[in-house]
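The values are calculated or read from the model by the stated rules, or taken from the named source; none is laboratory data. Predicted model, so just to flag it, every value in this text is computed and none were measured. Cβ sites come from the backbone with ideal geometry, for glycine too, and all protein chains shown count toward neighbours. Ligands, DNA and RNA are excluded from the accessible area calculation, which covers all protein heavy atoms including side chains. Shrake-Rupley method; radii C 1.70, N 1.55, O 1.52, S 1.80 Å.
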Amino acid sequence: MQQRCFLGSLAFGPVASRTTTYLSDTGFVDTVAHIPYPPYLSACPDMDRELDITISGTSLTQTFGQMTVNLEPDVATSCDVKNYTADIALHTGLRTYDPSRGWWQDPALSDCVPLFAGGASAWRTGDTQGTLTLSGPAALSRSLPLKTYAGTGGVEGGTTLTGKAKPKLRGYAYNITPVCVDSVNQIYQISDAPVQIVNVSGTPIPNITVMEGGVPGAWSISSTAGSWSYAGTVSDITATDPAAGHYVVETGQRGTFFRLGGTPVYTITASATGLFPDGTYVSRLHDLVHQALVQDIGIPAASIASDWADPFDAAAGKAVASEAGAYWDGSSSYTGADMVTALLQGTLRKLTYDRDGTLRLIGITPTFLTLVPNLWGKLAVRPEEVIEIRQTDLPSELVLPLTCGRCTYARNYTVLTGSNVSPSAISATISTERSAVTVGTDAPTLEVVSPPDVLTAFQSAAAAQVVADVINRLWTYPDRRLFYVTVPFARISDYKIGSEMMLFANVDGLRDGVGGLVVGESYRGSSPDEITFTVLV
């Protein structure tokens, strides 16, 4: 005879004086650490976690839920997180009945499985109970502690820049607008970190191309729309005045700057490859996201999956093109989630977190379509296990089959128009992005439905083509369906968001088994013996 139990910890407050509260539903004792978990929980928490499977979405897992606690003495104080976003971790295990002693015996904490790890906020109290709102990792939702200008002059900018966030360049970005920190001396900043140094004929040169009015290339002294020629790197950008028509570069721990030898006529932009604060250079998308999580957002490296990789590599059986980069100009504050969205949006790579809080990168790839029914093994959900199944709606942009696969690449961060454009400007400075396209389904639809235009962080046509091919295979066919599948709670450890599932059910199209991708999960305190998975088939 067994009984399910739930237990967890809630930690909040400043790091130097963090408060941790332990709680459970029926009382629990960690006999190894000698920590009691008082019976504060009224029931298993309600929780919905859904992956945004759209092309244009945030590429993040959305979490909605709440946890209710009984207001025993001091509980209201220990759970009051109205001024913070707390970190919460919940586990579940099975208690066994000891008939000789006549009691329920707690499992070892090591035998309990993670149920949820994330953030908790919005404390609301009633007369006998209080509730907390549960969400994704708190570190992603907080505004980032961005470097800002002091407004004291030089590389710290004038008074008009006081408090303004400094720009970030991670990876390669095209035609960005740098921040002019000194309009008198024509000093511009393109990143709060170093840029890549490349070897050109034995000479190390920073990977920066400065453009005026959309014109790169050698400086022409007779041209009023001249391009700027590189004149070397310097240790202090404020102490070096370059010759007319040239620019010098400072790149290091205080950021990357360039200084012009003259006053430009048209808008100054640049293309460059940015490094991370510690000087790390990466070019592939999944590596950029990993470094951004650790170095820019502050996620502990231990919280990132040890097998972190590009899911499209596994799907293709080889490394696929995924060169990428992004630029944040500092014009507004942003959260870790905003930064991840800028890197992943439109790429069909999605950031999710396991029930223990481990961050993981998964891909909306078509590999689940090739699951073979007679080789399902542990991946299978059999008809007798299905407590309830019902079809739900696909996201609006995917309801009608798309007529082609398309993914943008080579984003132009500054689209020049009117008087900002030099007569000698290259045409690429006019358009905002380019697209990779594959042919759609042979079966005609009633109307042409194209994928949405989403500016991605990809820099090459090959990287965009990988996604365009996947969109074509997944979303140009009318038989994609989304199901809510309720199964016994005991199967929680067999599946997580991003898992493949061989689904057998007494529903048309599912009786002989069909491959699916788990893209969501839901559980309710009122039904502790059930869990509902959202499955794309």
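Working out 0.36 nm times the residue gap between Val399 and Asp236, then minus their Cα-Cα distance, what length gain in nm do you get to one decimal?
Extending this stretch completely gives an extra 53.0 nm.
For segment 414-419, take each phi angle, set θ = phi - 60°, evaluate the Karplus expression 6.51 cos²θ - 1.76 cosθ + 1.60, and give the result in whole Hz per residue in order, putting x for glycine and proline.
10, 8, 8, 9, x, 6
Tell me the Kirkwood hydrodynamic radius of segment 291-447 in angstroms, computed as one over the mean inverse distance between distinct C-alpha pairs. Let's see the in-between values first.
Values: mean 1/r = 0.0494 Å⁻¹.
Evaluated on segment 291-447, it is 20.2 Å.
Just one of (i) 1.05; (ii) 1.14; (iii) 1.90 is Cα Rg over 2.2 N^0.38 Å as worked out from the coordinates here. Which one is it?
(ii)
What is the helix-to-structure angle for 461-475, meaning the angle in degrees between its Cα long axis and the longest Cα principal axis of the chain, kept from 0 to 90 and rounded to the nearest 10?
The answer is roughly 30 degrees.
Under 5 Å between amide H atoms, partner at least 5 residues away or on a different chain: which partners does Asp30 have, H built in plane at 1.01 Å?
When sequence neighbours closer than 5 places are left aside, the close amide H contacts are Ile35, Tyr37.
Quick one: which residues, 5+ away or cross-chain, put their amide H under 5 Å from the amide H of Tyr174? H built at 1.01 Å from N.
Hits under the 5 Å cutoff: Tyr413.
Under 20 Å Cα-Cα from Lys147, which aspartates and glutamates qualify once same-chain neighbours fewer than 8 residues away are excluded?
The reachable aspartates and glutamates, counting only those whose Cα sits under 20 Å from Lys147, are Glu156, Asp182, Asp192, Asp236, Glu250, Asp278, Asp296, Asp329, Asp338.
Among 100-113, 194-207, 152-165, 465-478, how do they line up by average Cβ neighbours within 10 Å per residue, starting with the highest?
465-478, 152-165, 194-207, 100-113
Report in % the part of the accessible area of the chain that belongs to carbon and sulfur, leaving out ligands and nucleic acids; probe 1.4 Å. Walk me through the intermediate numbers first.
Values: 11860 of 22800 Å².
The value for the chain is 52 percent carbon and sulfur by accessible area.
How large is ³J(HN,Hα), in whole Hz, for each residue of segment 61-70 in order, when computed from phi with the Karplus curve 6.51 cos²θ - 1.76 cosθ + 1.60 and θ = phi - 60°, using x for Gly and Pro?
Along segment 61-70, the couplings run 7, 9, 10, 9, x, 8, 10, 10, 10, 7 Hz.
Just reorder Leu398, Leu379 by solvent-accessible area, largest first, 1.4 Å probe, all chains present.
On the way: Leu398 10, Leu379 60 Å².
Order by accessible area, largest first: Leu379, Leu398.
Per residue, how many Å² of accessible area does the chain show with a 1.4 Å probe?
Roughly 42 Å² per residue, with all protein chains present.
For segment 46-144, what does the alpha-carbon gyration tensor say about shape, rounded, prolate or oblate, given a ≥ b ≥ c as the root eigenvalues, a/c under 1.5 as rounded, and a/b over b/c as prolate?
Note, shape of segment 46-144 comes out oblate.
Starting at the first residue of segment 379-394, write each ³J(HN,Hα) from the Karplus equation 6.51 cos²θ - 1.76 cosθ + 1.60 with θ = phi - 60°, in whole Hz, x for Gly and Pro.
6, 7, 10, 8, x, 6, 8, 7, 6, 7, 9, 8, 7, 10, 7, 6
Relative contact order for the chain: what percent, with Cα pairs under 8 Å and sequence separation of 6 or more?
Details: 1348 pairs, mean separation 79.4, N = 537.
This gives 15 percent for the chain.
Using Cα positions and a limit of under 22 Å, work out the lysines in reach of Lys318, with same-chain residues fewer than 8 apart set aside.
Lys350
Among Ser191, Gly202, Ala150, whose Cα projects farthest towards the positive end of the dipole of the chain, with charges put on the beta-carbon of Lys, Arg (+1) and Asp, Glu (-1)?
Toward the positive end, the furthest listed residue is Gly202.
Amide H of Val181 versus every other amide H placed in the peptide plane: which residues, excluding those fewer than 5 positions away on the same chain, fall under 5 Å?
Ile187, Tyr188, Gln189
Alpha carbon centre of segment 367-425 versus segment 25-87: separation in Å?
After rounding, the separation between the Cα centres reads 31 Å.
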